[in-house]
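Presented below is the structure to which this report refers.
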Amino acid sequence: MSTRVYWQGLVTNLLNPKIVVFYVAFLPQFVSPDLGDTPLQLLLLGLSHWLMGLPYLCAVALASGAMAGWLRRSSGIRRALDGLAGLVFVGLALRLVFAMRKPA
């Protein structure tokens, strides 16, 4: 199952248009045509960004895996989190109901 989840996550990230917009908008300002091959510079900047984010994302994955196991074992904490999420949704619904509309 973990292989399937990995590939699903990979495809989701590759098809995410926000990533493409980020790289197209952010990276070109750091590329200098005077320094040589522009596509290579973009590739190196993208790889640098990926390598810097990799340790953080690995830590998030390990922590979420440990947290999932802990939540699976503790029904009281899971119930408390469900109740908290329910309160948040009820609060948001009440805010929508009582929101004052501005006259058009």
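Read the figures in this text as sums done on the coordinates, not as results from a lab. All values derive from a computational prediction rather than experimental measurement. Reconstructed Cβ throughout: ideal geometry from the backbone, glycine too, with neighbour counts over all protein chains shown.
Remark: Leu51 matches the filter, which requires a residue to be closer than 30 Å to Tyr6 by Cβ, exposed (fewer than 10 other Cβ atoms within 10 Å of the Cβ) and hydrophobic (A, V, I, L, M, F, W, C). I'm trying to understand the selection: among the residues of the stretch 4-29, which are farther than 20 Å from Ala61 by Cα and surrounded by 10 or more Cβ atoms within 10 Å (Cβ to Cβ)? Across the stretch 4-29, the qualifying residues are Val20, Val21, Phe22, Tyr23, Val24, Phe26, Leu27, Pro28.
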